[in-house]
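This report concerns only the one structure given below.
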Amino acid sequence: MGDDRRSFSYYKAIPVIEKLPFKIESGDQVKNLPAIGKSLRDHINEIVTTGKLSKLEHFENDEKVRAVSLFGEVWGVGPATALKLYDKGHRTLDDLQKDDSLTYAQRTGLKFFDDIRQRIPRHEVSEMEKLLQEVGKDILPGVTIVCGGSYRRGKSSCGDMDIVITHDDGKRYTSKHVKPGFLPKFVQRLKDINFLREDLIFSINSIEGTDSGVDTYFGLCTYPGRELRHRIDLKVYPRNRYASGLLAWTGNDVLNRRLRILAESKGYVLDDTGLYLATQSSGGKRAGRSEAIVNCHEEKDVFDTLGFPYLEPHERNL
DNA sequence: GGGCAATACTG
DNA sequence: CAGTAT
DNA sequence: GCCC
């Protein structure tokens, strides 16, 4: 448990198996497929011959596995904390509420556990995006506010909202934070109208007159007139970092990883703040990043620079 | 046997 | 710093 | 876990 790398391998094998045009009747049929090695092949063989996986039976009946994975679904609770809570004797979410070691964010995640798991219909996300744009332009005319994530990838429902914000001051591709005070004002205004309800993370890093730092807000919001909480993330980027920010927050994860690996192989470092030329770090294994940002005004510039065929947002559901 | 994306916040 | 999040 |  708590083995990210390994479970991720299972995760990667799922779509590979799902895309097979036939029903697997023997381990040999998955022999040369990517993401499926000896271990997974053995498991498949066992399922095909015995109809079940003995390893899995333990899991399903195991109280510990059940409780720990449940706890891990609470926002702010990861594998380590989930295990600690279990060791303390907790078994249900009600038990957790009595525990005073939880952080404010974890407590909030717990309180709205059921709310947060509800998916949001696309048309509602669309309305809330519009609402955010209205409020935003009222504070700062010319501000750009876009809902990224699965919404931008065209999904019919979304697990949360990823809002990416920037401002073009008319000087084209400014590298400065035009209005570093935007996010606090925006958040306050959204709380005033009862849209934002609880905070999870709120950090202001932007430095006035510079391009350093990205302002971030994670919290819970409600669709107007309703109490059901939804997860929402707000990120403010200076204009010259907006493309990489939007790209990263549109995803999906698989594409992000693929692009970042590709970037590294071509001597760059890619993250949500930009595309950099990797520096030759002296002895270290990991390449550092230079200050030189490769100019990427639009998402397509990132794809082009990396030599990766451009994908429209709806084509990024890898 | 080592890498698997990269980076920011909380406590 | 470890843990968690995106 | 998989892949080099």
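The values are calculated or read from the model by the stated rules, or taken from the named source; none is laboratory data. Computed from a predicted model, the values in this text were never measured in an experiment. As a convention, Cβ positions derive from the backbone with ideal geometry for all residues, glycine included, and neighbour counts pool all protein chains shown. Heads up: the accessible areas ignore ligands, DNA and RNA and are worked out on the full protein's heavy atoms, side chains in. Shrake-Rupley method; radii C 1.70, N 1.55, O 1.52, S 1.80 Å.
Might you work out the accessible area of A:Arg257 for me, using a 1.4 Å probe with all protein chains in place, and round it to the nearest 10 Å²?
That residue has around 110 Å² of solvent-accessible surface.
For A:Lys64, A:Lys111, give me the order by solvent-accessible area with a 1.4 Å probe, most accessible first, ignoring ligands, DNA and RNA.
From most exposed to least exposed: A:Lys111, A:Lys64.
Over chain A, what is the relative contact order in whole percent, taking alpha-carbon pairs under 8 Å and six or more residues apart?
It rounds to 12 percent for chain A.
So what's the net charge close to A:Cys296: Lys and Arg +1, Asp and Glu -1, counting the other residues with Cβ under 10 Å from its Cβ?
-2
Divide by every residue of chain A the summed helix terms, -39500 (n - 2.57) for each DSSP H run of at least 4, and state the resulting mean residue ellipticity at 222 nm, rounded to the nearest 500 deg cm²/dmol.
-12500 deg cm²/dmol
With every protein chain kept in the model, how would you rank A:His314, A:His297 by accessible area, 1.4 Å probe, largest at the top?
On the way: A:His314 120, A:His297 55 Å².
The ranking, largest first, comes out as A:His314, A:His297.
Quick one: if you stick a label point 7 Å off each Cα along the C-beta vector at A:Leu277 and A:Glu60, how many nm between them?
5.7 nm
So how far apart, in nm, are the two label points at A:Lys38 and A:Arg117 if each is 7 Å from Cα heading toward Cβ?
3.9 nm
So if R0 is 25 Å, what FRET efficiency would A:Lys23 and A:Thr50 give, r being the distance between their Cβ atoms, rounded to the nearest 0.05?
Efficiency computed from Cβ-Cβ geometry: 0.95.
So, taking all protein chains as they sit and a 1.4 Å probe, how much accessible area belongs to A:Lys52, in Å² rounded to tens?
100 Å²
Among the lysines, select those whose C-alpha is under 29 Å from the C-alpha of A:Lys98, and discard any that sit fewer than 8 residues away in the same chain.
The qualifying lysines are A:Lys64, A:Lys84, A:Lys88, A:Lys111, A:Lys191.
A:Ile139 to A:Glu315: FRET efficiency via 1/(1 + (r/R0)^6), r the Cβ-Cβ distance, R0 25 Å, to the nearest 0.05?
Efficiency, rounded to the nearest 0.05: 0.15.
So, taking all protein chains as they sit and a 1.4 Å probe, how much accessible area belongs to A:Glu57, in Å² rounded to tens?
80 Å²
Using 26 Å as the Cα-Cα cut-off, could you pick out the over-long pairs in A:Lys19/A:Lys155; A:Lys12/A:Lys38; A:Lys235/A:Lys300; A:Lys155/A:Lys300; A:Lys266/A:Lys300; A:Lys31/A:Lys155?
Listed pairs above 26 Å: A:Lys31/A:Lys155.
Could you compute the FRET efficiency for A:Asp100 and A:Ala80, with r as their C-beta to C-beta distance and R0 at 22 Å, rounded to 0.05? Can you show the working numbers first?
Values: r = 18 Å, r/R0 = 0.83.
Once the sixth-power term is evaluated, E becomes 0.75.
Cross-link partners among aspartates and glutamates for A:Lys55, C-alpha distance below 13 Å, same-chain residues fewer than 8 apart left out?
A:Asp42, A:Glu46
With every protein chain kept in the model, how would you rank A:Thr305, A:Thr166 by accessible area, 1.4 Å probe, largest at the top?
Per-residue accessible area, sorted high to low, gives A:Thr305, A:Thr166.
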